[in-house]
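First the structure, in the form of structure tokens, and then the observations on it.
The values are calculated or read from the model by the stated rules, or taken from the named source; none is laboratory data. What you see is a predicted model; the values in this text were computed from it and never measured. Cβ coordinates were reconstructed from backbone atoms using ideal geometry, including for glycine residues, and neighbour counts include every protein chain displayed. Protein only, heavy atoms only, side chains kept; ligands, DNA and RNA dropped before computing areas. Shrake-Rupley method; radii C 1.70, N 1.55, O 1.52, S 1.80 Å.
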Amino acid sequence: MHELGVVFHVIRTVEEVARENALTEIRSVTLELGEVSAVIDTYLENCWKWAVANRTEIMKEAELIIEKLPAVTYCGDCRKTYETVAYGKICPYCGSGHTWLLQGNEFTIKEIEGC
Amino acid sequence: MKEYKIIEVKRSVFADNDADAARLREELKEEGTFLLNLMSSPGAGKTTLLKRTIALLKDELNIGVMEADIDSEVDAQAIAAEGVRAIQIHTGGMCHLDADMTRQGLKEFGTQDLDLVVLENVGNLVCPAEFDTGSTKNAMILSVPEGDDKPLKYPLMFTVCDVVLINKCDTLGVFDDFDKDAVKERIRKLNPNAEVFYVSAKTGEGFDGWIEWLRGQIQAYRQ
């Protein structure tokens, strides 16, 4: 939904890191994206291409690399874990709703490559 | 041949914003300004509800309103007509405000002399819920014509709210499939701490409870 907003946020952070490390050209940026992070990777890539070309100086051609992280939920009652996307909030083993997300909502800038 | 190197960053976009929002909340607390983040879908009645709320509180509190919108000055003009300070922030196409944009808006606005600042967020039930603005409390408006299934469709929004105002309750006779108990139960399941009030910004029905809640929150905050 808010891909353009998060792209601007990523660009700001990358520019900051580039300054700290005296980089003048960014070749790629790697993001870790959780399966249920509410960010859609194809939209993200479109926004990325537009934003880096039009709103940046040092990263006009930077490639966006997306590493997906699967979403996993933990059940507090039967203590098993299961795939979040397939079953949602209800545990498929015991039917409990007393569950919480272990991983899958990440949206992290993992690393950048530049010179 | 250029020598490219890899720099590990490991920074979460959402965590960055959360940390920034927490800082802003502390700054506001020191200043004694209560920031209410008001969210809803477009057309739920944010501006009308705000106008009536201002009319009931402006004699006892210094109030300011920040209108966040993609474009236009329409809402800020409507609020300024109530005799309180208003500023319009254009998000430039973005679907939400983050803590940094909120801080910039507040700075430009100048909030030292204000007891209550209401941030009218972009009309949207998805993105504003994901980004903590640094507000003291979050309020959302669900209007009756939108239907009683909204908590099922937009769970995060209902999870982050301290108070839910179910507006346009004067239309319950028309939208007679709106199940008042079911919607309350759906909200309670997502967020047992959320207060729920049925109001009509048009007729003023139900405003006693809402105003009392808001007044109580502001008093507790300043003590």
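Work through the residues other than A:Arg12 whose Cβ is under 12 Å from its Cβ and net out their charges, Lys, Arg +1 and Asp, Glu -1.
Once positives and negatives cancel, what remains is -3.
From zero up to wherever the largest Cα-Cα distance of the protein assembly as shown sits, split into 10 Å bins and tell me the percent of pairs in each.
5, 22, 29, 24, 15, 4, 1, 0
Looking only at Cβ-Cβ distances, which cysteines of chain B have no other cysteine closer than 4.7 Å?
Unpaired cysteines in chain B: B:Cys161, B:Cys169.
Which value does Rg/Rh take for the stretch B:1-127 over its C-alpha atoms, Rh per Kirkwood?
1.09
Report the accessible area of A:Ser28, computed with a 1.4 Å probe over the heavy atoms of all protein chains in place, in Å² rounded to the nearest 10.
10
Distances longer than 20 Å among the Cα atoms of chain A: what percent of all pairs is that?
Tail fraction, whole percent: 48.
Averaged over peptide B:60-68, how many Cβ atoms belonging to another chain are found within 10 Å of each residue's Cβ?
Taking the mean over all residues of the peptide, I get 0.
Pairs of alpha-carbon atoms within less than 8 angstrom and 6+ residues apart define the contacts here; what relative contact order does the stretch A:34-84 have, in percent?
Relative CO of the stretch A:34-84 lands at 32 percent.
Can you pull the accessible area of A:Arg27 for me, 1.4 Å probe, Å² to the nearest 10?
So the heavy atoms of A:Arg27 present about 110 Å² to solvent.
Ordering B:Cys161, A:Cys47 from largest to smallest accessible area (1.4 angstrom probe), what's the sequence?
Of B:Cys161, A:Cys47, the descending order of accessible area is A:Cys47, B:Cys161.
So how far, in whole Å, is the C-alpha centre of the stretch B:156-223 from the one of the stretch A:48-78?
Comparing the Cα centres of the stretch B:156-223 and the stretch A:48-78, I get a distance of 36 Å.
Over chain A, what relative contact order in percent results from Cα pairs under 8 Å that are six or more residues apart?
Dividing the mean separation by the residue count of chain A yields 35 percent.
Given the options B:Ala15, B:Ala68, B:Ala201, state which has the largest fluctuation in a GNM of chain B using a 10 Å cut-off (strictly under) for Cα springs.
Largest GNM mean-square fluctuation: B:Ala15.
Would you kindly calculate the translational diffusion coefficient of the stretch B:13-222, applying Stokes-Einstein with the Kirkwood radius from alpha carbon pairs, for 25 °C and a viscosity of 0.890 mPa s, and quote it in µm² s⁻¹ without decimals?
Once the numbers are plugged in, D ends up at 143 µm²/s.
Which entries in the list B:Lys137/B:Lys168; A:Lys80/B:Lys150; A:Lys68/B:Lys5; B:Lys107/B:Lys180; B:Lys51/B:Lys107 go over 32 Å, if you measure between the two C-alpha atoms of each?
Over 32 Å Cα-Cα: B:Lys107/B:Lys180.
If we count every other residue with Cβ under 10 angstrom of B:Asn37's Cβ, Lys/Arg +1 and Asp/Glu -1, where does the sum land?
-2
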